[in-house]
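I have placed the structure first, in the form of structure tokens, so that the comments after it can refer back to it.
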Amino acid sequence: MPDNDWPLWEVFVRPRRGLSHGHVGSLHAPDATMALRNARDLYTRRQEGVSIWVVPAAEITASSPDEKDAFFDPAADKVYRHPTFYDVPEGTQHL
Amino acid sequence: MNVDRLLGFGDDALVAAQRLAEWHASSPEMEEDIALANIALDQLGAARLLLTYAGEVEGRGRDEDALAFLRDDREFRNCLLVELPNGDFATTMAKLLFLSAYQLPLYTKLAGLSGHENAGRLAGPPHRDDAGRLAGPPRREDAGREDASRADAGSAGPPHPEDAGLADSAGPAGPAGGGDAGPAGSGEGERLAAIAAKARKESAYHLDHSAQWTIRLGDGTEESHRRMQDAVDALWPYTHELTSGEVSRDEWLSIVEPVLAEATLDRPADGWAPGGGRSGVHTEHLSYLLGEMQVLHRAHPGARW
Amino acid sequence: MLAKPSESCNTVEVYGNDIPGLLGEVEAAETALREAAARDTEAAHGEAAYFDAVIKADQKIEPRDWMPDSYRKTLIRQIAQHAHSEIIGMQPEGNWISRAPTLKRKAILLAKVQDEAGHGLYLYAAAETLGVSRDELVELLLAGRQKYSSIFNYPTLTWADVGAIGWLVDGAAIVNQVPLCRCSYGPYARAMIRICKEESFHQRQGFEILHTLSHGTEAQRAMAQGAVDRWWYPSLAMFGPPDADSTHSAQSMAWKIKRFSNDELRQRFVDMCVQQAGVLGLTLPDPDLRWNEERQAYDYTQPDYDELMRVIKGDGPCNRQRMAHRRRSHDEGAWVREAAAAYAKKRAADA
């Protein structure tokens with residue numbers, strides 16, 4: 001990569017208070033400060049967010065699809081982690 | 001309320017918007033195209049509110065479009081700085097830095113807010129720590145801190161880059177039209193205060209954006225340093241016109257000087273101080289700018305668009 | 001029904017069900033994306049079989065999944081061309097920002113052109129997930145080795161052209177893009193959903209401009225009709241060559257990158273426009289345009305595909321101008337990009 005290419009940043013936006021930051025896309029910027037500002041202009045032009053994170057794309061370590069089974073299948077039989085595993089008697093409210 | 005004074009505010013914003021919009025599809029990088037368009041839209045929005053209000057105060061039935069498209073250059077009250085050609089990107093950033101270092105304290109005053117709140121929540125001018133903060137990269141802990149900073153959205157806390165401009169609706173004063181926002185006694189003062197309260201937050205962002213770029217260009221490469229210094233030198237004389245009214249020279253310098261220092265740029269000496277914009281005596285450039293801006297509107301008198 | 005077209009545009013009145021229908025399709029595509037994600041994929045052994053199973057289940061291929069090289073290349077070519085079109089497309093409309101006839105129109109147009117830059121960036125970002133950098137793609141554009149939509153090689157000669165671009169060009173783009181919200185490649189589909197939602201205002205503002213002009217002075221009306229006359233056939237050509245001559249279609253359909261053929265989409269666009277032209281009180285420049293009861297669709301005159309090929313090859317009215325502008329902006333910005341990179345490097349060294 002030539003010296004003057006701006007690195008890629010991944011952008012995460014918290015859409016509303018109470019929600020997690022979600023990945024919305026990426027952009028190019030010379031540094032973190034400008035990345036944050038560019039993200040504000042690019043991804044929240046329509047008031048889509050209340051908070052932004054930017055992360056250098058090169059700093060993200062991703063699981064590989066080849067590791068999918070090893071990574072995620074063990075969770076597949078742990079249904080007790082999911083609320084729908086439990087029978088809720090009819091008529092129960094606010095559970 | 002003096003109509004000329006209102007026209008001065010509105011024309012500054014309008015002419016600045018017209019110049020900034022010239023950058024569309026021409027910026028150094030696509031992300032910057034979007035940023036400049038945002039700033040142009042802010043200036044245009046402020047111009048529309050201010051000119052509409054000026055027309056009402058004038059009482060001759062002129063709306064924003066009559067004022068924008070049917071006045072000649074001698075009737076425009078903008079400062080000379082905004083009508084100067086865009087030049088290169090360094091020139092445009094220097095123009096924006098100088099203009100927003102004027103508009104921020106101006107709007108703060110018009111909104112009836114204290115000088116301290118001048119600092120805004122983004123690009124604080126006079127405070128040492130703010131100045132350092134302005135230039136520095138966002139600190140690590142900022143990432144998890146938005147909730148705290150949002151909670152005191154109305155106060156003049158330290159700037160949080162990550163909240164950049166996202167708090168418009170949470171600010172202390174609503175957009176124009178809210179009748180109870182202003183501190184001034186009269187209804188007119190309240191109207192202007194409401195406009196200024198909205199524009200002020202935008203100016204804080206413009207100041208931040210131009211300061212960030214001034215610092216990067218000033219402290220970037222040899223070429224960018226030379227271009228940035230040339231731009232600052234060439235435009236400096238025109239800044240005196242900004243500081244001959246509501247905003248004092250000292251106040252303006254207290255915002256600009258730390259940015260220049262951070263950018264390793266020399267602050268030019270004061271000397272030649274061209275003026276005349278506020279009384280309608282402009283540079284040669286304004287007439288061309290208006291010729292282009294007004295051509296279609298004037299070619300179809302009375303038409304609706 | 002459109003007593004005050006400059007104030008608001010009652011889109012149900014104006015568009016019948018077409019635009020809400022198209023936006024509904026965007027919503028439906030988003031829902032389908034979520035539903036498909038919840039389904040199990042058929043058990044498949046081997047990467048190619050897994051790829052096929054995902055496509056078959058209408059699920060999305062994601063960046064790090066295995067994919068055939070030609071799938072990757074097709075997507076890069078298509079997404080890049082789409083991104084380039086957004087960026088070059090800023091020029092013809094941007095041409096009228098400085099002369100917009102009212103401050104409100106100026107603000108709307110500036111916001112619209114800004115959106116196009118944003119959409120270009122979303123699309124470049126989607127392309128980058130396929131392992132190509134934006135700089136490489138920009139270089140390919142500047143070198144003339146990748147194309148952009150031929151429509152942007154036509155000039156905007158009057159203010160009404162801004163309206164015609166919004167109504168016809170953005171209208172055609174939406175018809176093209178809505179099915180792409182269901183594209184099998186996840187990042188592209190998600191970018192298209194975002195873009196289609198944001199673009200809903202683009203076509204409406206164009207329609208509103210034309211409606212105001214066509215109900216204005218004689219000169220304004222003539223301006224509006226002239227713009228529609230010039231933009232109609234180039235807009236029809238935006239859907240590409242007729243199906244019989246389209247080289248990439250079959251494989252793209254099988255991969256669910258493309259969902260409808262060029263001719264199907266073109267017909268859909270024509271059928272939409274006829275009713276809308278009536279509301280505008282403007283004439284579409286096709287003497288043979290008429291309802292075909294049997295086909296339940298309009299018969300229409302095909303655009304001049306020889307002209308389309310000439311324009312694609314570089315001999316449209318504005319090809320040279322558009323590319324020269326893009327190159328100049330890129331070249332003149334080089335010192336700024338270098339400066340920011342140099343500054344970042346210094347600060348990183350300080351830290």
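The values are calculated or read from the model by the stated rules, or taken from the named source; none is laboratory data. Not measured: the values here are computed from a predicted model. A quick note on method: Cβ atoms are made from the backbone with ideal geometry, for glycine too, and the neighbour counts reach across all protein chains shown.
Observations on the structure shown:
- Every test in (1) at pLDDT below 95; (2) closer than 27 Å to residue C:83 by Cβ is passed by residue B:1 save one, and that test is (2).
- Among residues of the range A:46-58 that are of a type in the set (Ser, Thr, Tyr), those with a Cβ under 8 angstrom from a residue that is assigned to a strand (DSSP E or B) and surrounded by 15 or more Cβ atoms within 10 Å (Cβ to Cβ), sequence gap 6+ or separate chain, pair up as A:51/A:13; A:51/A:14.
- Scanning the range B:36-93 for residues that are under 30 Å from residue C:338 (Cα atoms) and among the hydrophobic types (A, V, I, L, M, F, W, C) yields B:36, B:37, B:39, B:40, B:41, B:81, B:82, B:84, B:89, B:90, B:93.
- In the condition set (1) more than 23 Å from residue B:38 (Cβ to Cβ); (2) at pLDDT 95 or above; (3) surrounded by fewer than 18 Cβ atoms within 10 Å (Cβ to Cβ), residue B:292 is compliant with all but (1).
- Close pairs (6 angstrom Cβ cut-off, 6 or more residues apart or separate chains): more than 9 Å from chain C (Cβ to nearest Cβ) in the range B:281-305, part of a helix (DSSP H, G or I) and at pLDDT below 95 anywhere: none
- Flag for residue B:65 being assigned to a helix (DSSP H, G or I), surrounded by 24 or more Cβ atoms within 10 Å (Cβ to Cβ) and of a type in the set (Asp, Glu): no
- Residue ID - surrounded by the fewest Cβ atoms within 10 Å (Cβ to Cβ), chosen from residues in the range C:153-169 that are over 22 Å from residue C:199 (Cβ atoms) and within 14 Å of another protein chain (Cβ to nearest Cβ): C:157
- Scanning the range C:215-261 for residues that are under 17 Å from residue C:284 (Cα atoms) and surrounded by fewer than 15 Cβ atoms within 10 Å (Cβ to Cβ), we see that the one that is nearest to the chain's Cα centre (by Cα) is C:229.
- A Cβ distance below 9 Å, combined with a sequence gap of six or more or placement on separate chains, defines the contacts here; from the range B:86-98, residues that are over 20 Å from residue B:289 (Cα atoms) and within 11 Å of chain C (Cβ to nearest Cβ) reach residues that are buried (at least 19 other Cβ atoms within 10 Å of the Cβ) and hydroxyl-bearing (Ser, Thr, Tyr) in the pairs B:90/B:214; B:90/B:224.
- Test result for residue B:196, among the hydrophobic types (A, V, I, L, M, F, W, C), out of contact with any His (no Cβ under 9 Å at 6 or more places or on another chain), closer than 24 Å to residue B:3 by Cβ and more than 14 Å from chain C (Cβ to nearest Cβ): yes
- Test: residue B:200 is touching a Gly at 6+ places or on another chain (Cβ under 6 Å), surrounded by 16 or more Cβ atoms within 10 Å (Cβ to Cβ) and under 18 Å from residue B:103 (Cα atoms): no
- Scanning the range A:1-51 for residues that are closer than 17 Å to residue C:342 by Cβ, among the hydrophobic types (A, V, I, L, M, F, W, C) and assigned to a strand (DSSP E or B) yields a count of 0.
- Unique match (being surrounded by fewer than 24 Cβ atoms within 10 Å (Cβ to Cβ), in a helix (DSSP H, G or I) and within 11 Å of chain C (Cβ to nearest Cβ)) among B:14, B:41, B:20: B:41
- Just one of the listed residues (C:208, C:198, C:128) is touching a helix residue (DSSP H, G or I) at 6+ places or on another chain (Cβ under 7 Å), of a type in the set (Asp, Glu) and touching a residue at least 40 places away in the same chain (Cβ under 8 Å), namely C:198.
- Residue count, the range C:48-66 (criterion: within 14 Å of residue C:252 (Cα to Cα) and without any contact (Cβ under 8 Å) to a residue 60 or more places away in the chain): 2
- Scoring residue C:291 on the criteria (1) of a type in the set (A, V, I, L, M, F, W, C); (2) buried (at least 19 other Cβ atoms within 10 Å of the Cβ); (3) farther than 30 Å from residue C:53 by Cβ leaves a single failure, condition (2).
- Extreme residue, farthest from the other protein chains (Cβ to nearest Cβ), among residues of the range C:324-351 that are under 28 Å from the mean Cα position of the chain (by Cα) and buried (at least 19 other Cβ atoms within 10 Å of the Cβ): C:326
- Wholly enclosed helices (runs of 4 or more DSSP H) of the range C:267-351 bearing at least 1 residues under 19 Å from residue C:165 (Cβ atoms) and in contact with a strand residue (DSSP E or B) (Cβ under 6 Å, 6 or more places away or on another chain): none
- Members of the range B:26-37 that are within 7 Å of chain C (Cβ to nearest Cβ) and touching a residue at least 60 places away in the same chain (Cβ under 8 Å): B:27, B:28
- The range C:89-103, residues that are touching a residue at least 40 places away in the same chain (Cβ under 8 Å) and over 19 Å from the mean Cα position of the chain (by Cα): C:96, C:99, C:100, C:101
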